[in-house]
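K.L.:
Take a look at the following structure, please.
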Amino acid sequence: MDWIPDLGALLAEACRDQTMSGRQWFWLPPLALTGATPDEARFVARRLARLAGVPFVTMDVGTLQSGALSRSAPRGPDVRFPPHPVIALAASGCANPIILVLGAEQAPEDVALALGDLLDRESSSRWYCQAIGAVLDLSSISWMVAATSEHSLPSALYTRLAPLRIAVPLEPPHRRLRVLAAALEVLEDAEVEVSDVAPVLASLTDDDRTWSFFERASADRLEIDLRRHLLHAANVSLR
């Protein structure tokens with residue numbers, strides 16, 4: 001993922017931290033993925049999760065109602081379900097997934113404050129979940145927050161996030177790397193070997209007409225078009 005400035009240095013620092021701390025599992029400090037659409041942030045975060053071998057989860061806090069992440073007990077007959085991170089850990093059976101947060105710029109104030117507590121490793125290491133009546137350790141989650149700019153986020157989040165700009169690259173070599181990474185995601189999802197579509201994969205960059213079709217595509221459009229292009233060549237039915 002060399003088309004993303006500063007990502008290599010960030011991952012190198014994370015590896016050094018893991019080695020120095022003696023930690024045996026993957027973890028990244030909370031990041032603000034800035035300068036791109038939510039679909040681009042999803043592509044980058046999901047690719048990182050695959051490379052790290054951890055589950056990937058999305059969480060849209062912009063659609064949450066006020067109080068959705070509250071630790072307080074519900075009133076009267078109301079039932080409060082466990083918040084998204086708790087469900088993610090239970091469903092994946094993994095304590096250190098990557099969770100991509102969408103809609104943070106539109107989140108209610110109390111939701112942003114509660115999410116800020118989750119981003120803090122100390123407070124999230126003993127996070128009380130009222131819904132299940134248990135204290136949980138959520139400190140190994142790698143949080144990534146999609147935003148147009150880190151400054152557009154609520155202050156409760158902005159102060160806890162390191163910015164990582166992931167805008168679509170301008171340089172042709174970096175555009176090629178991005179498209180090839182997206183192609184690998186498509187093939188790995190469909191369990192198709194690269195060798196099965198090698199000539200078609202090569203044509204993405206060798207044929208100017210084909211390349212111009214893919215190089216400037218948004219992340220969501222790129223995934224759809226690559227699925228059609230590559231899976232058709234591999235004789236895999238689209239799902």
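Every number here is computed from the coordinates shown, using simple stated rules; none is lab data. All of these numbers come straight from a predicted model, not from anything done at the bench. Using ideal geometry, Cβ is built from the backbone for each residue, glycine included, and neighbour counts are taken over all protein chains shown.
K.L.:
As a footprinting exposure proxy, order Arg209, Arg160, Arg121 by other Cβ within 10 Å, with the fewest listed first. All intermediate terms of the calculation are to be shown ahead of the outcome.
P.N.:
Details: Arg209 7, Arg160 20, Arg121 16.
Fewest to most other Cβ atoms nearby, the residues stand as Arg209, Arg121, Arg160.
K.L.:
Could you calculate, for segment 128-188, the ratio of the Cα radius of gyration to the Kirkwood radius, expressed as Rg to Rh?
P.N.:
Rg/Rh: 1.16.
K.L.:
Could you state the per residue volume, in Å³, of the convex hull enclosing the Cα atoms of segment 172-233?
P.N.:
Convex hull of Cα atoms, per residue: 73 Å³.
K.L.:
Sticking with this one: Out of Asp208, Asp110, Asp196, any idea which swings most in a Gaussian network model of the chain, alpha carbons joined below 10 Å?
P.N.:
Asp208
K.L.:
Taking every alpha carbon pair in the chain, what does the distance histogram look like in 10 angstrom bins from 0, in percent?
P.N.:
7, 29, 32, 21, 10, 2, 0
K.L.:
Please report, to two decimal places, log10 I(q)/I(0) for segment 1-138 at q = 0.10, 0.12, 0.21 Å⁻¹ as given by the Debye formula with identical point scatterers on the Cα atoms and no solvent.
P.N.:
-0.37, -0.53, -1.50
K.L.:
Only bridges with both residues in the chain count here: give the DSSP antiparallel percent, nearest 5.
P.N.:
15 percent
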